[in-house]
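The next block holds one structure in the form of structure tokens; read it before the comments.
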Ligand SMILES: Cc1cc2nc3c(=O)[nH]c(=O)nc-3n(C[C@H](O)[C@H](O)[C@H](O)COP(=O)(O)O)c2cc1C
């Protein structure tokens, strides 16, 4: 992989993220999400569930009871990292992260979950073997949340044998502005 133009790096980044969200076995299906907390930075693995390049939207699912939810509500700035080892391509996507727990986007995600996935959202520490009766389904619905990152900055690095290429891009007035960067 080698880019002749900065915008090719932007296009490749979105292509990679869209492929990862669409394919369970993709090398970038599990991303790292970094946020801020009262004790400093926090980073954790999450499954990338949806990618809409035109909306600059990246979506993961989480449990509303997790620490990250209150942290994100207080400090919504976040960075997502994906690394594709065969292309040696690192994509960092930064922007504002939203916790969505109602509305069309949330409903659309909820209906696509399998029963097993729904069960994850009504677990408690003491009761791990959850039977999905009406009460537990209602509890799982309350605990299920969508995390939506609206990307404003991209930092793309390709580790090439003949040299590295790095591009930084920012969304400005309806378009990506991209420039070569070093190191
Ligand atoms: C491979 C892998 C995939 C994971 N996927 C998710 C996920 O999609 N959503 C999620 O909330 N946590 C996921 N986790 C768990 C998180 O990494 C993290 O431990 C948990 O969400 C609690 O994080 P917090 O304390 O920052 O809220 C995953 C962990 C691993 C190892």
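Derivation of every value follows stated rules applied to the coordinates shown; laboratory data play no part. Just so you know, these numbers come straight off a predicted model, no measurement behind them. A quick note on method: Cβ atoms are made from the backbone with ideal geometry, for glycine too, and the neighbour counts reach across all protein chains shown.
Relative to the longest principal axis of the Cα atoms of the chain, the long axis of helix 134-143 lies at roughly 30 degrees.
Calculated from the alpha-carbon coordinates, the stretch 1-64 shows an Rg and a Dmax of 13.9, 43 Å respectively.
Arranged from fewest to most other beta-carbon atoms within 10 Å of their beta carbon, 12, 63 become 63, 12.
Please compute the length gained on full extension between residue 55 and residue 11, using 0.36 nm multiplied by the number of residues separating them and subtracting their Cα-Cα distance.
14.5 nm
With each label modelled as a point 7 angstrom along the Cα→C-beta vector, the residue 159-residue 138 pair spans 5.2 nm.
Springs between Cα atoms under 10 Å define the GNM used for the chain, and in it the highest mean-square fluctuation of 107, 29, 98 occurs at 107.
Both the radius of gyration and Dmax for the chain are 17.9, 59 Å, in that order, over alpha-carbon atoms. Annotation: extensible slack from residue 45 through residue 107 equals 20.0 nm (criterion: 0.36 nm per residue apart, minus Cα-Cα distance).
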